[in-house]
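The values are calculated or read from the model by the stated rules, or taken from the named source; none is laboratory data. Since the structure is predicted, the reported quantities are computational estimates derived from the model, not experimental observations. Virtual Cβ from ideal backbone geometry, glycine too; neighbours counted across all protein chains shown. Side chains included, ligands, DNA and RNA excluded: accessible areas come from the protein's heavy atoms. Shrake-Rupley method; radii C 1.70, N 1.55, O 1.52, S 1.80 Å.
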Amino acid sequence: MTPAAISASELRTLLEQGRPLTIVDIRRPDDREWTIPGSVAVDAYDAVNAGQLGAVADLIFDSRPAVMVCGRGATARRATELLRAQGVDALTLEGGMHAWSTAWNTAHAAVGGCEVVQVRRTGKGCLSYIVASDGAAAVIDASLAPDVYDELLKARGWRLVAVVDTHIHADHLSRSGGLAQMTGAPLYLPANDRVRFGFRALNDLDRIQIGTSQLVALCTPGHTAESTTYLLDNLAAFTGDSLFIDGVGRPDLHGSKAQARANAALLHSSLGHLLQLPPSTLVFPGHVAAPIPFDNVQLSSTIETAGRMPLLRMTEAQFVSAATERMPPPPPNHERIIAANELGDWPEGAQDLEAGPNRCAVS
Ligand SMILES: [Fe+2]
């Protein structure tokens, strides 16, 4: 049998390698707002805590290792013990879904003469990017530990020349400052007076040179006042939380509730500007709503496809009503996450703030 436990990082690697596994999620249904791609949900939480396998006993286990998953690992460990006593090759995901919050995978795309690596936090659906041209690279919206990007860059022999955020994030801790500090690369942020640390300010139409390519900053306020889209060689737009594959950024996470309608009107105008880009322009968003499979398939859209979204065909008045009425509950702890991102530093354990699903979109 395999060892009785596996770390989130080890499980991530096995899934990326396509190794056969059965992943069994035994959390209560209400707690399964986000999941591991390909996992089987079994309602057995209470049974396992009572010392029984419950519905897990109905599963047919083959020779593949069975990874038991719960919120933090304790109940899964009990299930693992019960299964191993029956000879099943079971193991526990250490730290459960809490630890899985920072698991990641990648997908690659060629854009003109550039390479784009989409680095995805699979659980939260946060998308960050490495954009490389002629051996030089920029990282956009780093949401994982700086080491992850550093190793991906080193493996490809790329030199980091810029670390960039599209906006001040509300749903995850930005690792851009940490990455810039670790590597010595300059940190670029949209011009703003909220953050309390040093950065190079980007205004509308400012450019960042990456090898033989350029990122052009396009101010796209609405989701936040400083939200900026980065246009790569007129071929691809990194839209942050302004424009997603099937929705737009919510306008209410920063500022008062009363400001949400004004923010929505700004977002409507910004999206109108993005729709002026050539229809074939690729759209690389800052988030997706669902857990991301280990399939190496990039998550992107085009301006043409985005323009067919009902939300993007509305008048300003219709859009403002729709965008402010359809909002899901705010992401957990968003006010504390914003405060940490404005400060650029956070205490040990602050990662707890960001465990959980993404709720940055209106669709
Ligand atoms: Fe955001």
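For the chain, leaving out every one of the trypsin sites (Lys or Arg not before Pro) that falls in a DSSP loop and has at most 12 other Cβ atoms within 10 Å, the longest unbroken run is 1-195.
What is the percent carbon and sulfur in the accessible area of the chain, measuring with a 1.4 Å probe over the protein chains and ignoring ligands?
50
On full extension, the segment bounded by GLU325 and ARG19 gains 105.8 nm, given 0.36 nm per residue less the C-alpha separation. Per-residue accessible area (protein heavy atoms, 1.4 Å probe) orders ASP252, ASP193, ASP165, ASP43 as ASP193, ASP43, ASP252, ASP165, starting from the largest. Given +1 at the Cβ of Lys and Arg, -1 at the Cβ of Asp and Glu and no other charges, the dipole of the chain around its Cα centre is 80 debye to the nearest 20. Note on the chain: helix-only mean residue ellipticity at 222 nm, from DSSP H runs of 4+ residues weighted -39500 (n - 2.57) and normalised by residue number, equals -7000 deg cm²/dmol. Shown here is the pair-distance distribution of the stretch 86-131: with all Cα-Cα distances grouped in 5 Å bins from zero up to the longest one, the shares run 5, 19, 18, 15, 12, 11, 8, 6, 4, 2, 1, 0 percent.
Test of understanding: what is the full-extension gain from ALA145 to GLU335, defined as 0.36 nm times their sequence separation minus their Cα-Cα distance?
Working it through step by step, the gained length comes to 66.3 nm.
Taken one residue at a time, the phi angles of the stretch 63-78 give Karplus couplings (6.51, -1.76, 1.60, θ = phi - 60°) of 7, 6, x, 10, 8, 8, 10, 9, x, 10, x, 6, 5, 4, 5, 5 Hz. Gly and Pro are set to x.
Relative to the longest principal axis of the Cα atoms of the chain, helix 316-325 runs at roughly 30 degrees.
Note on the stretch 185-199 and the stretch 295-363: Cα centroid distance 21 Å, given to the nearest whole angstrom. If you look at the Cα atoms of the stretch 176-274, you get an Rg and a Dmax of 14.3, 44 Å. Our analysis of the chain gives Rg over Rh at 1.00, with the two radii drawn from alpha carbon positions and Rh computed by the Kirkwood formula. About its Cα centre, the dipole of the stretch 173-322 is roughly 300 debye, where the only charges are +1 on Lys and Arg Cβ and -1 on Asp and Glu Cβ.
Potential lengthening of the chain between ALA110 and SER280 amounts to 59.8 nm, from the contour at 0.36 nm per residue minus the alpha-carbon distance. Split the chain at each of the GluC sites (Glu not before Pro) in a DSSP loop with at most 15 other beta carbon atoms within 10 Å, and the longest piece is 34-347.
Taking one equal scatterer on every alpha-carbon of the stretch 254-363, how large is log10 of I(q)/I(0) by Debye at q = 0.21 1/Å? Evaluating at q = 0.21 Å⁻¹ gives log10 I(q)/I(0) of -1.26. Think of a 1.4 Å ball rolled over the protein heavy atoms: the chain then has 42 Å² of accessible area per residue.
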